[in-house]
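Quick notes on the structure that follows.
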């Protein structure tokens, strides 16, 4: 008989609270005082979290020790953070125990493959998300990777071998609610679709079988479109591209100026997705041969968002591009644009003029609209009448009087501008000067006491003056009315979550006009790539500007018909910094990289 006085020591599970705390104490992430506080009040924290996590799918949701420790809000050991958060705890625990930890990157998730193996309710109830399939092994992100019951049940249901990895609850639920829900909606919609000829595909071999198209009002289609918009907004996308291919349609999101492939839509479902979006934007769903433009106003997270829709017929069907106008980004304070303090002072000085013309130049996507709207917001008050003429209206803003150009009924920039002058305006914004007639009316408006803001598509600030001369505007009129010209670009910013010290070679320095050996390069940074920035090393964008303020000497040169080079030289003598110089200042301040400068800023001697 066993001696009852001899008992075997109880072995605590590795994912019990005290075991995890012990591991983190060994790594130095928690100190003795924090360990004592967790021991005393950990159960109360767990109960509070359990009440907070309570859901319809589970009356008593699981609370992991990682979440309990994070709830205390202890100071972080990471100088970039204030408090100890779940991902930092997971990383330390993973390093100490060799248990894999993943941060789910939705842009790299093969959602179509992984979402077919389990249902959304089952995944949500058990707090897991399949993230990768390789052969007969499925990697499953779990809040509790030691939940043997769920793992065995998954293996029985799917027939796959399950490889559990540690993940954060919020990322798992976000993946289930957005990515998986979108794919499940497509799959369910696809099942409703019979074999119907694809009339938009010029290469389609038509099977003359009867069938019907899914209604655009079908709940699965409605859900898919709603989830796609929500996902794009959460990813900070500026544009959604839905592009028809031979066998499928591809969804790409433009984030920080670069496109990322995110979803694949079955070809049979794609026409219904297009129809749903066209219905929401009040476009003609029967017209598939002509380009169409529309807009949708919706709400995400209590913020009203404008979506601008463009439909163009392609070889395999209609391509949709959806531009997302977030008012928190489009309508910023002038100081929030990221321009240099001395340039901000010059810009405000130009805007303080009672009449004249201010021009913005730069390629498509260089942030001209944001700068224009921010300038108008700076000028807006109840005492002035601000009227805008746009094609189309980028974002409806109530304090402005906004006119949408409609060429089909004869309402062009020129005709709108001519009639606006009878509306007693103080400030006029013309979306773009495209022709001589519009330019002449803009000059007339400036001569008759109005402040006019507009854009031109030129590469440099001085180039805008030559462009207006080419349109037939007399040099003496330009000299009399022009206040300033702003050339603008957007540079991606180094991600602050993964930035590391970096260096630049003497050759690269020479190309951007600096002597590396003679300046302080200690603050130069480079993003190493992390989940927060989708392993790009960049997060967000900042404006760089070249502001050519028209001084007396510049005005004389314009009147005398001087060329771009002479005007630029005079502007430099007056203190105007060129685009490259402002970009280099951001580089030396650790805000961007030399590769980004080479990509965006026009150089006289670009790298090979």
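The values are calculated or read from the model by the stated rules, or taken from the named source; none is laboratory data. Everything numeric in this text was worked out from a predicted model, so none of it was measured. Cβ placement follows ideal geometry from the backbone for every residue including glycine, while neighbour counts extend to all protein chains displayed.
When the strands (runs of 3 or more DSSP E) confined to the stretch 231-322 are screened for residues that are farther than 30 Å from residue 398 by Cα, those reaching at least 1 such residues are found at 239-244, 248-255, 258-266, 303-314.
To keep it simple, each residue is scored yes or no on (1) within 16 Å of the chain's Cα centre (by Cα); (2) at pLDDT below 85; (3) closer than 20 Å to residue 181 by Cα.
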{"site": "240", "(1), (2), (3)": "yes, no, yes"}
{"site": "248", "(1), (2), (3)": "no, no, yes"}
{"site": "266", "(1), (2), (3)": "no, no, yes"}
{"site": "272", "(1), (2), (3)": "no, no, yes"}
{"site": "289", "(1), (2), (3)": "no, no, no"}
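Is there a residue being part of a loop (DSSP other than H, G, I, E, B), over 24 Å from residue 333 (Cβ atoms) and in contact with a helix residue (DSSP H, G or I) (Cβ under 7 Å, 6 or more places away or on another chain) anywhere in the stretch 415-424? Within the stretch 415-424, none of the residues are part of a loop (DSSP other than H, G, I, E, B), over 24 Å from residue 333 (Cβ atoms) and in contact with a helix residue (DSSP H, G or I) (Cβ under 7 Å, 6 or more places away or on another chain).
What residue, among those in the stretch 386-404 that are crowded, with 20+ Cβ neighbours inside 10 Å and part of a loop (DSSP other than H, G, I, E, B), is farthest from the chain's Cα centre (by Cα)? Per the criteria, the residue is 400.
With respect to the conditions (1) part of a helix (DSSP H, G or I); (2) more than 29 Å from the chain's Cα centre (by Cα); (3) surrounded by 15 or more Cβ atoms within 10 Å (Cβ to Cβ), residue 95 falls short on a single one, namely (3). Checking the conditions here, which among 276, 258 is at pLDDT 85 or above, outside the structural domain of residue 378 (by TED's automatic domain parsing) and under 26 Å from residue 408 (Cβ atoms)? Criteria check complete, one pass: 276.
Restricting the stretch 402-425 to residues that are in contact with a strand residue (DSSP E or B) (Cβ under 7 Å, 6 or more places away or on another chain) and in contact (Cβ under 8 Å) with a residue 24 or more places away in the chain leaves a set whose member that is nearest to residue 354 (Cα to Cα) is 425.
If you go through the stretch 576-602 and pick out every residue that is touching a helix residue (DSSP H, G or I) at 6+ places or on another chain (Cβ under 8 Å) and loosely packed, with under 14 Cβ neighbours inside 10 Å, you end up with 1. Of the candidates 268, 248, 260, the single residue that is in contact with a helix residue (DSSP H, G or I) (Cβ under 7 Å, 6 or more places away or on another chain) and either surrounded by fewer than 19 Cβ atoms within 10 Å (Cβ to Cβ) or over 15 Å from residue 186 (Cα atoms) (or both) is 260. Among the criteria (1) outside the structural domain of residue 363 (by TED's automatic domain parsing); (2) modelled with pLDDT of 90 or more, the one residue 601 does not fulfil is (2). Check whether at least one residue in the stretch 268-279 is touching a strand residue (DSSP E or B) at 6+ places or on another chain (Cβ under 6 Å) and farther than 19 Å from residue 232 by Cβ, and report yes or no. Among the residues of the stretch 268-279, not one is touching a strand residue (DSSP E or B) at 6+ places or on another chain (Cβ under 6 Å) and farther than 19 Å from residue 232 by Cβ, which makes the answer no. Please verify whether residue 105 is surrounded by fewer than 16 Cβ atoms within 10 Å (Cβ to Cβ) and either assigned by TED's automatic domain parsing to the domain that holds residue 260 or closer than 23 Å to residue 227 by Cβ (or both), treating the condition exactly as stated. Yes, satisfied. Residue count for the stretch 112-149 under the criterion of being farther than 19 Å from residue 180 by Cα and buried (at least 17 other Cβ atoms within 10 Å of the Cβ): the result is 3. For residue 88, the criteria (1) in contact (Cβ under 8 Å) with a residue 40 or more places away in the chain; (2) within 27 Å of the chain's Cα centre (by Cα); (3) surrounded by fewer than 18 Cβ atoms within 10 Å (Cβ to Cβ); (4) not in a helix (DSSP H, G or I) hold in every case but one, which is (4). Annotation note: of 556, 569, the sole residue that is free of Cβ contacts under 8 Å to residues at least 40 places away in the same chain and either under 23 Å from residue 347 (Cα atoms) or part of a strand (DSSP E or B) (or both) is 569.
Quick check on the stretch 336-346. Is at least one of its residues within 25 Å of the chain's Cα centre (by Cα), modelled with pLDDT under 90 and not in a loop (DSSP other than H, G, I, E, B)? Yes; the residues of the stretch 336-346 include at least one that is within 25 Å of the chain's Cα centre (by Cα), modelled with pLDDT under 90 and not in a loop (DSSP other than H, G, I, E, B). Going by what's in this entry, would residue 255 be described as surrounded by 19 or more Cβ atoms within 10 Å (Cβ to Cβ) and out of contact with any strand residue (DSSP E or B) (no Cβ under 6 Å at 6 or more places or on another chain)? When the stated conditions are applied, residue 255 passes them.
Residue check: is residue 363 closer than 26 Å to residue 332 by Cβ, modelled with pLDDT under 90 and assigned by TED's automatic domain parsing to the domain that holds residue 456? Yes: the conditions hold for residue 363.
Residues that are modelled with pLDDT under 85, farther than 20 Å from residue 90 by Cα and either in contact with a strand residue (DSSP E or B) (Cβ under 9 Å, 6 or more places away or on another chain) or in a helix (DSSP H, G or I) (or both) within the stretch 25-69 comprise 51, 52, listed in sequence order. A single entry from 157, 165 fulfils the requirement of being surrounded by fewer than 21 Cβ atoms within 10 Å (Cβ to Cβ), modelled with pLDDT of 90 or more and assigned by TED's automatic domain parsing to the domain that holds residue 118: 165.
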